[in-house]
Amino acid sequence: MEELKPYLELNNCSKMPIVGLGTFQCYGEAMEEALDAALEAGYRHIDTAYVYENEAAIGRALKRWLDSGRVKREDLFITTKLPNIGFKRERVEKYLRRSLEALQLSYVDLYLVHQTWGLLEQGEDVLPRDDEGELLLDLTTDLVGVWKGMEDQVDAGRARSIGLCNHNARQIKRILRAARIRPVCLQIELYLYFQQRELVAFCRALDIAVVAYAPLGSPGMVDVFTEMGGETDMIPRVDALADPTVLEIAEKHGRTPAQVLLRHTVQRGIAVIPKSSQPARIEENFQVLDFSLDEEDVDQLDSLDGGRKYRLFSGNILKGMSKHPEYAYNDPY
Ligand SMILES: NC(=O)c1ccc[n+]([C@@H]2O[C@H](COP(=O)([O-])OP(=O)(O)OC[C@H]3O[C@@H](n4cnc5c(N)ncnc54)[C@H](OP(=O)(O)O)[C@@H]3O)[C@@H](O)[C@H]2O)c1
C-alpha cells in the first residue's frame, strides 16, 4: 500500500493534517456536536470562516476539549478566513481579532483571504446587498494591500500561517512579487469532475500546498445558494457520490463512495476538508488513510475530470459577484 503521510508539510515548516473538517452551513449546537464527533474520530484540522457565523460554537466546543486536557492546543490546526468586507490592509486586524475572540483562541494556525472580491463594509452585514439583492462590491479591492494586512497578523502572532482561497494564477503571481511572507496554501474548489490539474501544478511548482473544498462535490450547494437569492441555473447538476465508476471502485475496496472521492484527492498530495454534521459520516470521511487506490482506479478517476465547466462555485451564485474586477474565474486557471 502506498505510504501517505497524514499531514502536508507547508513551506514555513508547519504541518497541516491532510484531512480536516469543513463547517460551512453548520451552526450552534449542531456545530458543537459535529466538532465533538470530529475530535473524537481523530480530526485535528478544522476549517471555518468569519462569514460562516459558527466560530463561537466551534470556540465553545474547543474550549471544552482544551480545558479537559483531551486535546492540546499545539495538536490542533485551526483555520479561519478574512471576510470580504474586511478586504483592506487596515481592517484585517479587526476581523482576525473578532474571529479569535469567538474561537476563544490567542492565534489561528492558518488565516486565509476568503475570496478575491471585496465588499463595502456597511455595519455588521457580512454580505451587504442592494434592494435588488446585488452584492455591494468594493471595486477598489487591492489584493496586494490585503496580503500586507495578512502579513501584519503573522508579525503580531495572531496567525501562524497565512494563505489564499479562490485566487487564480495571475493573482497569486502578483501577490508573490510583493510578498514578504509567502502564502502556505491555496484553498480551491476541487472534486472528481473539476480536478484543477493546471492550478495544482502551478502551486506545486511554487511550493504552495493545495486544500480542496467541496471535495465531495458539495451536494446541496445549489439549494443553499438558491435560497440566498443567487443565480444557480448555470451550476452543473452532477452527483460525484453517485458516479458509476466511483461506485464500482468503492465496491471493489469495500469502501464508501465518499471515501473513494476523498482518497483520490489526498493520494494526489492535496488536503481535503469534507463537511458533515452527521457523526457517522464525519467518522467515515476521516477513514481514508488506511487504504489506497491502485493505478487502474486512479487512471479511471483521473479520466472523469471535465475541467472548468464543472466549476460549482462560480458566476453569480451570489448576485453580482462576477462583476468585480478581481473576479478570478475568467482566466483559464
Ligand atoms: N474557501 C471557500 O471559498 C470555500 C467554499 C466552499 C466551502 N469551503 C469549505 O470547504 C468545506 C467543504 O465544502 P462543502 O461543504 O461545500 O462540500 P462537501 O464537503 O463536498 O460536501 C458537503 C455535503 O456532503 C454531505 N456529506 C458529507 N459527508 C458525506 C458522506 N460521507 N456521504 C454522503 N454525503 C456526505 C454533507 O451533508 P451532511 O452534513 O448532512 O452529512 C454536505 O451536504 C466547507 O464546509 C467549508 O469549510 C470553502
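Throughout, read-outs are computed from the coordinates displayed, never taken from laboratory work. Keep in mind that what you see is a predicted model, and the values were worked out from it rather than measured. No Cβ is skipped: glycine too gets one built from the backbone with ideal geometry, and neighbour counts run over all protein chains shown.
Structure values in brief
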quantity	calculated
Net charge dipole size for the chain [Lys, Arg +1 and Asp, Glu -1 on Cβ; Debye, nearest 20]	1240
DSSP beta bridges in the range 7-325 [antiparallel fraction, %, rounded to 5]	20
GluC sites (Glu not before Pro) within the range 123-181, DSSP loop, no more than 16 other Cβ atoms inside 10 Å	Glu124, Glu132, Glu134
Charge-dipole axis of the range 94-136 as Lys and Arg at +1 and Asp and Glu at -1 on Cβ define it, positive-most pick from Gly123, Gln104, Leu135	Gln104
Value at 222 nm in deg cm²/dmol, rounded to 500, when DSSP H runs of n ≥ 4 in the chain each add -39,500 (n - 2.57)	-10000 deg cm²/dmol
Cα-centre dipole for the range 25-151 with unit charges at Cβ (Lys and Arg positive, Asp and Glu negative), debye to 20	640
Peptides ranked, highest mean first, by Cβ atoms within 10 Å: ranges 113-123, 198-208	113-123, 198-208
Cα-based shape type of the chain, given that a ≥ b ≥ c are square roots of the gyration tensor eigenvalues and the cut on a/c is 1.5	rounded
